[in-house]
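The values are calculated or read from the model by the stated rules, or taken from the named source; none is laboratory data. If you're wondering where the values come from, they're calculated on a predicted model, not measured in any experiment. Cβ placement follows ideal geometry from the backbone for every residue including glycine, while neighbour counts extend to all protein chains displayed. Remember, those area values only see protein heavy atoms, side chains included, never the ligands or the DNA or RNA. Shrake-Rupley method; radii C 1.70, N 1.55, O 1.52, S 1.80 Å.
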Amino acid sequence: MLRGTAYAAPLPALRDTTLTHPTSLPGSLQRQPTQDAHATLTIGGDWTLQHYATLRREIERTRRQVTDTDRVELDSLGELDTAGAGLLIELIGPARVARLSDWAPQLPAERQALLKTVAAALDQPEAEQAPATNGFADVLAHVGRTVSGVWNQQRTLLGFIGLTLQTLFTVLPNPRRWRVTALVAHIEQTGLDAIPIVALLTFLVGAVVAFLGATVLADFGATIYTVNLVAFSFLREFGVLLAAILLAGRTASAFAAQIGAMKSNEEIDAIRTLGLSPIELLVLPRVLAMLITLPILTFVGMLSGIAGGLVVCVLALDISPTMFFTIMARDIPLNHFLVGMAKAPVFAFLIAVIGCLEGFKASGSAQSVGEHTTSSVVQSIFMVILLDAVAALFFMEMGW
């Protein structure tokens, strides 16, 4: 049996196949005078970033001799990029480049477009620098912008209040449009869930007021009037004010965050697309829930604050509960309680409207939702304290 023998053909001799690429010629610049008292400027070679330093030196050497009447020849121009185009424009001027198609029609269209584009960019006028201002002018400008922003904000709030009231008066006569389920859910969220924190806070504040009153009044031998101080302050001011501030921080922020999240998810746009009113669906249940819950929380705050003062009076001042309530019934008229309760619906309406409005102002970003949530809390607390101060002055002048 024959076996196949491996046959290896001799390899051909290797030859040097290295390709020689033509080397790029650096850009050149020659100016030759002619017989008609003019000169010809011959531009050739590659005007690219690779030869930028050499071309810059040539231009610096020749630029003083070049005039606007010199004839420019670009027939020998090689490669061209934006760096070389900038140098060419610096040499011959943007005005001549703008007429490039007239005196160099043989230049390819892409080269002409590059030169004209770079010339237009370099020919842009420099931006005028803002005049220097002093610090006092900057402060005045900042104050003006702030006042204008506050004014626009209050105008927007008044408009939103009017829109809410209009929708409310439209919906109330039609029971079929009432959102009872949403109303009950918001009552639980804003009212029942807030009772523990309101009761605890007002109880502690009542105890603190009683301690302060007893400390100050002890110097005059009038510690018995601590009862009047606690009852008067909580029935008239602290009960409604503390409850409103707590709801401003707790509920207004929740309203703004909820509606702002719906705005960012385009759910409000979907509601409008379905032909429904976002004010009716989102704002009215929250406003009505606040109108119901804040008076209740105000009453709870009054009772808790008086209870805190009672505990201090019993433990520190030896005032019995019977004496405490007897003094209250004798010295504290009913109108103080009515004044405190009358403020609650006004505060509730403002807190709910501000929280909803800031939610509608939010854009699609999470940062905007957070900013408007913070703004709702700040505005609500500010408006509550401002209106409480105005109401206190008004009731005092009226003798109520």
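Miscellaneous remarks
- Contacts under 7 angstrom Cβ, first residue in the range 219-235 being under 17 Å from residue 334 (Cβ atoms), partner modelled with pLDDT under 90 and surrounded by fewer than 17 Cβ atoms within 10 Å (Cβ to Cβ), 6 or more apart: 228/331
- Residues of the range 259-278 classified as in contact (Cβ under 8 Å) with a residue 12 or more places away in the chain, open to solvent by 20 Å² or more (accessible area, probe 1.4 Å) and in a helix (DSSP H, G or I), total: 4
- For residue 348, the conditions (1) in contact with a Leu (Cβ under 7 Å, 6 or more places away or on another chain); (2) more than 23 Å from residue 184 (Cβ to Cβ) are fulfilled apart from (2).
- Restricting attention to the range 297-335 and to residues that are without any contact (Cβ under 8 Å) to a residue 40 or more places away in the chain and of a type in the set (Gly, Ala, Ser), the residue that is nearest to residue 189 (Cα to Cα) turns out to be 329.
- When we screen 316, 307 for residues that are of a type in the set (A, V, I, L, M) and either modelled with pLDDT of 90 or more or over 30 Å from residue 211 (Cβ atoms) (or both), the only hit is 307.
- Applying the criterion of at least 1 residues that are modelled with pLDDT of 85 or more to the helices (runs of 4 or more DSSP H) found wholly in the range 108-215 leaves 135-171, 180-190.
- Condition check for residue 249 on (1) under 34 Å from the mean Cα position of the chain (by Cα); (2) open to solvent by less than 40 Å² (accessible area, probe 1.4 Å); (3) modelled with pLDDT of 90 or more: one failure, at (3).
- Among the residues of the range 52-101, those that are open to solvent by 20 Å² or more (accessible area, probe 1.4 Å), assigned to a helix (DSSP H, G or I) and among the polar types (S, T, N, Q) comprise 54, 82, 101.
- Residues of the range 44-94 classified as out of contact with any helix residue (DSSP H, G or I) (no Cβ under 7 Å at 6 or more places or on another chain) and among the hydrophobic types (A, V, I, L, M, F, W, C), total: 4
- Conditions (1) closer than 26 Å to residue 340 by Cα; (2) open to solvent by less than 80 Å² (accessible area, probe 1.4 Å); number of the one not met by residue 171: (1)
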